[in-house]
Every structure is written in structure tokens, then in C-alpha cells.
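Inspection log for the structure reproduced underneath, given as C-alpha cells.
Coordinate-derived values only; no laboratory data. Because the structure is a prediction, the values reported are computed rather than measured. Note: ideal-geometry Cβ built from the backbone for every residue, glycine included; neighbour counts use all protein chains shown.
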Amino acid sequence: MPLVEEFSRQIDKMPQDEFEKKFDHPFLIAGGLNEDDSLSFETSGDSEWEEAMVEYIYPLKKDDSRVFTFITVGRSRNNHIVIRSKVVSKLHLVIHREKEGYTVMDSGSRNGSSLNDRPLVPQQPQALKTGDVITLAGKITVRYLTPPSAFDYLKKKSSEFR
């Protein structure tokens, strides 16, 4: 369920312990798109969602059985997260799953990336903590949330959508 609004409605009545048991992986919340951009999420060969001007949620899990070891983000269709924007590189950044958590690395993108308003040095992974904000090309934001933080965020959003 890629749209934050739809996902938050689905879990609205779910207790936090049940949410954390069902969703034992982190999430990315993406936004900052304008009318010229679009975003799609590829979790398997046959699943894709596209829409602009909304906030998306992306589980860092391929399907019910496989957790990603890495997630690619960029303009090219062969990325896991595809952002069709002129300012985003074909392969903009990579998120890696490590033993201790996740890291983010700018792949040498033309317009750069930042983590919490600090520029990412290309090819140098940086550890992610819950609540961290990754910005692509100075305009598209992606927030990294662990399950407890994702639950709180989605509950807050759910009340906004009522």
C-alpha cells in the first residue's frame, strides 16, 4: 500500500504491538514532488504504483518473505524506487541493509543528496537513524522510520485524514 493516506487508514485501529509484529522492517516516507514529477515503487516485477503530489510509504521489504539487502533510488525504471524528475539521476542513491541497521549512499548523482541537511559525499555510506531525512537534488524528501516511529507517524496522519 504505497500511499500514506491509504496505509494509515488501514492500520488506524491496529494496536502498536500488532503493527510492530506485522511490520518488523523500516519504512521510507517520500514526498516533495510537484506536478512535473512522478514516483513509482517497484517491489516485484508486476507491482507498480504512480501518482504525483502525494506522500508515499515504502516498506524496506520486497514481499512477505524477503527483506531487501539494498534499495536503489533514481530516475531509471530499473530502480526499486523510481522518481521521474529531471533533477534526479538515473541512479541517485542506494540504501543498504547492514547488520546494525541501514545506510544511505549517494551514487555520484549530478544534483547530489543530503542527510538531515548535510551533503552526502558520493560513494560514502552514512548510517540511518529513525526520523532521518534524505533529500534528493535539494527538493525531494525521503524520511526513514523504524516500525515504532512509523506507527506514530501513521497514527498522526490517520487523524489528519479524518
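Which order, highest average first, do 73-81, 12-20, 122-130 follow once you tally other Cβ atoms within 10 Å for each residue and take the mean per peptide? Intermediate values should be presented prior to the final figure.
On the way: 73-81: 18.6, 12-20: 12.7, 122-130: 14.4.
Ranking, from highest mean packing down: 73-81, 122-130, 12-20.
Compute the length gained on full extension between Thr141 and Lys156: take 0.36 nm times their separation in residues and subtract their Cα-Cα distance, giving the result in nm to one decimal. Intermediate results must be reported in sequence, preceding the final value.
Values: separation 15, 0.36 × 15 = 5.40 nm, distance 1.88 nm.
Between Thr141 and Lys156, full extension yields 3.5 nm more.
List, in order, the whole-Hz ³J(HN,Hα) value for each residue of the range 136-142 obtained from phi through the Karplus relation with A = 6.51, B = -1.76, C = 1.60 and θ = phi - 60°; use x for Gly and Pro.
Along the range 136-142, the couplings run 9, 6, x, 9, 9, 9, 9 Hz.
Once phi is turned into ³J(HN,Hα) by the Karplus curve 6.51 cos²θ - 1.76 cosθ + 1.60 with θ = phi - 60°, what whole-Hz value does each residue of the range 96-108 show in order, with x for glycine and proline?
Whole-Hz 3J(HN,Hα) from phi for the range 96-108: 10, 8, 10, 4, 8, x, 10, 10, 10, 9, 6, 8, x.
Through the Karplus equation 6.51 cos²θ - 1.76 cosθ + 1.60, θ set to phi - 60°, convert the phi angles of the range 114-123 into ³J(HN,Hα) values in whole Hz; use x for Gly and Pro.
My calculation for the range 114-123 gives 9, 10, 6, 6, 10, x, 7, 7, x, 6 Hz in order.
Once you place label points 7 Å from the Cα toward the Cβ at Ser114 and Lys21, how far apart are they in nm?
So the label points at Ser114 and Lys21 sit 4.2 nm apart.
Can you classify the range 123-162 as rounded, prolate or oblate using the Cα gyration tensor, where a ≥ b ≥ c are the square roots of its eigenvalues, rounded means a/c under 1.5, and otherwise it's prolate if a/b beats b/c and oblate if not? Before the final figure, lay out each step's value.
Values: a/c = 5.61, a/b = 1.71, b/c = 3.27.
It is oblate, given that a/c is not under 1.5 and a/b is not larger than b/c.
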